[in-house]
Amino acid sequence: MKKSLIPALAVLLATPAFAVDHNNLDAGRPLDFDDAASVAYREKAFEVGGAIVKPKDGKTGVEGAAELLYGLAKNSHVSLGFDPKYVADSSGAPLGAKRRSDFGAVALGFFHNFNREYGNTPALAVRADAFLPTGRDSQGVDVRLRGIASKQVGRFDRVHLNLDLFLNNSAGAGERKTQPGVILGYSHPLGLPSRFDRTFVAQVGYHANPLSGQNGLTTIGIGLRQQVTVRSVFDVGVTSDVSGGANRESFKLIAGYSTQF
């Protein structure tokens, strides 16, 4: 073993295996993808964040997000979240130039990890979220299904593949009911071998546009997760839809905080 790796391994082994860790990744904190790690049994975590959003056509708005996670069983957790916002309407209606406040959907989620990574087999997990119609003008219960695979590459880098299927069960005129998508995420701990408290993340993804007749959305993003205390993490990131329909986002600036209790 190279001497340069000994300090890094010592730091890794000394770090408690909490879910609220800069190297464990959840969607929205700060990018769009999940890794395959679940919250530990009976562990509780709270994640909160906000974003400044600039649509390609429209006024800059703000979005919020809050989520409570609980380790329901070994390798499984449940979540409760909501996402209030004050943004321009993206429906293409005459209100599209105006900003409106919206409580957002209440989301109920379930996450299950099937296996840890071993050999050439990646860690595998599945996530399911149901979005209740609590937001402005919303109807029906929408569902998102996500398959997750995480794999180490090289000494410290990891890649994360997320396959999505969003079902808009109350699709109106001009909206797609079924919206598939894929995200490829990347994470790399910064500072090794001398320190282990910061992780760089990046993504590229493609999703079907929610609006019929519009091109799919290709999104790129980068971000940083910084360990603040043993049980808390600060995150910051930026994403941009580099191609897609008229409703794409020119950029989104995200910041958030996660804590375990």
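Tell me, which residue of segment 30-46 that is among the charged types (D, E, K, R) and open to solvent by less than 10 Å² (accessible area, probe 1.4 Å) is nearest to Ala65 (Cα to Cα)? Within segment 30-46, the match that is nearest to Ala65 (Cα to Cα) is Asp34. Checked against the criterion of being charged (D, E, K, R), at pLDDT below 95, more than 13 Å from the chain's Cα centre (by Cα) and assigned to a strand (DSSP E or B), the candidates Lys54, Lys59 yield just one match: Lys54.
Can you tell me which residues in segment 65-87 are among the aromatic types (Phe, Trp, Tyr) and under 14 Å from Ala105 (Cα atoms)?
Phe82, Tyr86
Could you list, in sequence order, the residues of segment 140-161 that are under 14 Å from the mean Cα position of the chain (by Cα) and more than 19 Å from Thr199 (Cα to Cα)? Matches in segment 140-161: Arg144, Leu145, Arg146, Gly147, Ile148. Just one of the listed residues (Asp83, Asp26) is buried (at least 20 other Cβ atoms within 10 Å of the Cβ) and within 26 Å of Thr121 (Cβ to Cβ), namely Asp26. Taken over segment 205-232, the residue count meeting the criterion of being under 20 Å from Glu249 (Cα atoms), of a type outside the set (Ser, Thr, Tyr) and surrounded by fewer than 16 Cβ atoms within 10 Å (Cβ to Cβ) is 3. If you go through segment 166-194 and keep only what is more than 28 Å from Ser138 (Cβ to Cβ) and of a type in the set (S, T, N, Q), you end up with Ser187, Ser194.
The values are calculated or read from the model by the stated rules, or taken from the named source; none is laboratory data. Fair warning: this is a prediction, and the values are worked out from it, not measured in the lab. Glycine gets a Cβ as well: all are built from the backbone with ideal geometry, and neighbour counts include every protein chain shown. Surface areas here come from the heavy atoms of the whole protein model, side chains and all, with no ligands, DNA or RNA. Shrake-Rupley method; radii C 1.70, N 1.55, O 1.52, S 1.80 Å.
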